[in-house]
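What follows is a single structure, written as structure tokens, with notes after it.
The values are calculated or read from the model by the stated rules, or taken from the named source; none is laboratory data. Bear in mind that the values here come from a model prediction, so they are computed numbers and not experimental data. All Cβ positions, even for glycine, are placed from backbone atoms using ideal geometry, and neighbour counts span all protein chains on display. The accessibility values were calculated without ligands, DNA or RNA, using every heavy atom of the protein model including side chains. Shrake-Rupley method; radii C 1.70, N 1.55, O 1.52, S 1.80 Å.
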Amino acid sequence: MEKKQLLYEGKAKRVYATDDPGLLVVEYKDDATAFNGLKHDRIAGKGILNNKISAFFFALLAEYGCESHFVKLLSEREMLVKKLEMIPAEVVVRNLVAGSLAKRFGLKEGKPLARPVVELYYKNDALGDPMINEYHLYALGMATPAQVEAFTGEALRINQVLSGFLRERGLLLVDLKLEFGVHNGKVLLGDEISPDTCRFWDAKTGEKLDKDRFRQDLGGVEEAYREIYRRLTGETYDI
Ligand code: ADP
Ligand code: TMP
Ligand code: ASP
């Protein structure tokens, strides 16, 4: 497999073509952004940790029969993935009240939800990723009802698998954001699963161990990402 031209540079990753039209290389950057790119900084080693953490989660999910785009790790910052036709939706699953849900309902963070909540956002930075529902996706030709049913079921299953796994490691999965795409007619999980795209709280202390440390200027961002890696793998990672 040969890495070819840069196809896309996003806020957190670069995507490259390969000599195989069905495969891409994803490279994780150290850039951190929030509020649709308005806040920007660089966090040393974040890309390496997110690459490794995402690879770990994709491999774990595969053991539970949740298929993703992940093929293999290529280097500290790069993974090989299946090329997907991305569905332009951010699929958020929530277990506890936090972030924009806390704001929308005027609730305090940390309230457990009686059942997981699935939300959809239209992936469009210029519009600020507005909240949508499945009817928008059907009506605008962005996804079929069968595809929405497939990724909603998969998102809930992923949430269940990861919540249980993390609970055993003293972590609460507060919420997570997933992206899906189509490969050979099948809906597959794509993008990343990392502290950039999930909320992880220490189950005992409630300490935030994710990108909220950056969003809310809490400090210790790199340390939090390293702690997630340590809880998952039992290994420490010194950059
Ligand atoms: P953003 O576009 O939000 O700034 P990133 O910096 O994470 O995000 O860029 C990665 C881009 O690659 C995202 O737009 C994401 O939807 C897309 N992507 C993720 N996985 C795949 C895949 N397997 N095939 C094609 N595109 C993908
Ligand atoms: P929210 O509470 O800000 O809506 O975020 C819900 C989850 O989605 C949280 O785990 C962070 C993640 N997320 C992203 O991955 N990208 C985004 O652009 C936003 C706004 C949230
Ligand atoms: N990912 C979004 C951004 O980069 C927002 C966020 O994660 O808070 O601006």
Checklist entry - In the stretch 207-239, what GluC sites (Glu not before Pro) fall in a loop by DSSP, with at most 12 other Cβ atoms inside 10 Å? => result GLU235
Checklist outcome for this item: Expected vector for the stretch 78-92, Karplus 3J(HN,Hα) from phi with 6.51, -1.76, 1.60 and θ = phi - 60°, integer Hz, x for Gly and Pro, equals 10, 10, 8, 9, 6, 6, 10, 8, 5, 7, x, 10, 9, 9, 9
Item to check | Reciprocal of mean inverse Cα separation for the chain (Kirkwood radius, Å) | outcome: 18.3
Checklist entry - Which value in deg cm²/dmol, rounded to the nearest 500, describes the helix-derived mean residue ellipticity at 222 nm for the chain, given -39,500 (n - 2.57) per DSSP H run of n ≥ 4 and division by the residue count? => result -9000 deg cm²/dmol
Checklist entry - Past the 23 Å Cα-Cα mark, which pairs from LYS39/LYS83; LYS13/LYS83; LYS11/LYS46; LYS82/LYS177; LYS46/LYS108? => result LYS39/LYS83; LYS46/LYS108
Checklist entry - Relative to the Cα centre, what is the charge dipole magnitude of the stretch 9-68, using +1 at the beta carbon of each Lys and Arg, -1 at the beta carbon of each Asp and Glu, and rounding to the nearest 20 debye? => result 380
Item to check | Electrostatic dipole magnitude of the stretch 116-165 [Cβ: Lys, Arg +1; Asp, Glu -1; Cα centre; debye, to 20] | outcome: 80
Checklist entry - If R0 is 30 Å, what FRET efficiency do you get for LEU23 and TYR64 from their C-beta distance, rounded to 0.05? => result 0.80
Checklist outcome for this item: the chain, Gaussian network, Cα under 10 Å: of LEU176, LEU127, LEU209, the residue fluctuating most is LEU127
Checklist outcome for this item: Which residues qualify? For LEU113, with a placed amide H closer than 5 Å and at least 5 residues away or on another chain, they are LEU96, VAL97
Item to check | Estimated inter-spin distance, ASP217 and LYS4, nm [label 7 Å along Cα→Cβ] | outcome: 4.6
Checklist entry - Roughly how many Å² is the accessible area per residue of the stretch 1-148, as a whole number, for a 1.4 Å probe? => result 53
Item to check | the chain - percent of accessible surface contributed by carbon and sulfur, probe 1.4 Å | outcome: 52
Checklist entry - Taking a 1.4 Å probe, which of GLU90, GLU2, GLU134 shows the most accessible area, and what order do the others take after it? => result GLU2, GLU134, GLU90
Next on the checklist: For ASP19, ASP238, ASP210, ASP191, give me the order by solvent-accessible area with a 1.4 Å probe, most accessible first, ignoring ligands, DNA and RNA.
Outcome noted: ASP238, ASP19, ASP191, ASP210
Checklist entry - Could you give the length gained on full extension between ALA102 and LYS39, defined as 0.36 nm per residue of separation minus the Cα-Cα distance, in nm? => result 20.6 nm
Checklist entry - For PHE70, which sequence-distant residues (separation of 5 or more, or a different chain) have an amide H within less than 5 Å of its own amide H, given hydrogens modelled in the peptide plane? => result LYS82
Next on the checklist: For a quick check: with amide H placed at 1.01 Å from N, whose amide H comes under 5 Å from ALA89's, ignoring anything fewer than 5 positions away on the same chain?
Outcome noted: LYS123, PHE180
Checklist entry - Of LEU107, LEU24, LEU73, which is the most mobile in a GNM of the chain whose springs link Cα atoms less than 10 angstrom apart? => result LEU107
Next on the checklist: For the chain, set up a GNM with springs between Cα atoms under 10 Å and report which of THR197, THR152, THR18 has the largest fluctuation.
Outcome noted: THR18
Checklist entry - Among ARG199, ARG167, what's the order by accessible area (1.4 angstrom probe), most exposed first? => result ARG167, ARG199
